[in-house]
Amino acid sequence: MSGNRFWPRKGAQRHLRPDPSEYRRIYRNKWKRHTARIPKELLTREYGCGKSMQDIANLIGCSLHKVKFWMERYEISRRSHSDAVYLSKHPNGDPFRFVPPKNVEEAKLFGLGIGLYWGEGTKANHTSIRLGNTDPLLIKKFIEFLVKFFRVKREDMRFGLQVFSDMDPDTAMDFWVKNLKIKRGQFWKTTVTRSGSIGTYRKKRQYGVVTVHYQNSRLRKLLGSLLPV
């Protein structure tokens, strides 16, 4: 028996558009769907749009093994595991967009934001952007930097508040909510540290320390590439 017996006729192949519904229409027979060639254009488009190989298999009604086979046959590069996870969390694309500064004033803010992250940000974490400080003006400028040049939505940011045991957590929370113009719901549970346990740092600000968090590995990588190191 020829190995090509169940492959589509040349006429069918010629009229086959790289469309999942067309693929299912032409190959109504389940066995033929599992043995017929998957058009390269279909795989390239659907995989390039962010669908997983399992998604494509479900879409056209064939096995995952078959999709893998034709991906390898066409030498279509496959995503890494981390990229696949990122796409599953952001099916509509990156939730940010880099917009370079357009004038001198914007360039000053951009330079300030990069400097703040370079000096005060947490670079050890490679999946999120973090910056903590006791000064609300400094935190506000960094938020403005993220919103202005990376189109980060303020409501997507999260915040951590650390206070000392001789401070009132609610008073500190009210202070930061008012000054940063954010919602209480954006804060994680307040961390209370015993007074005097970390030296004189507690004397710098009576409302504790706030850390701004934005979880996005690609933006973290982009921001890291902009640092002058």
Going by what's in this entry, would PHE159 be described as modelled with pLDDT of 95 or more and crowded, with 18+ Cβ neighbours inside 10 Å? yes
Please tell me if GLY132 is at pLDDT 90 or above, in contact with an Asp or Glu (Cβ under 8 Å, 6 or more places away or on another chain) and under 23 Å from SER225 (Cβ atoms). yes
Working only within region 122-158, note down all residues that are in contact with a strand residue (DSSP E or B) (Cβ under 6 Å, 6 or more places away or on another chain) and either among the polar types (S, T, N, Q) or without any contact (Cβ under 8 Å) to a residue 40 or more places away in the chain (or both). THR122, SER128, THR134
Surrounded by fewer than 14 Cβ atoms within 10 Å (Cβ to Cβ), in a loop (DSSP other than H, G, I, E, B) and either among the acidic types (Asp, Glu) or modelled with pLDDT of 90 or more (or both): is that true of LYS189 in this structure? yes
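The values are calculated or read from the model by the stated rules, or taken from the named source; none is laboratory data. Note that the structure is predicted; figures quoted are calculated from it, not measured. Reconstructed Cβ throughout: ideal geometry from the backbone, glycine too, with neighbour counts over all protein chains shown.
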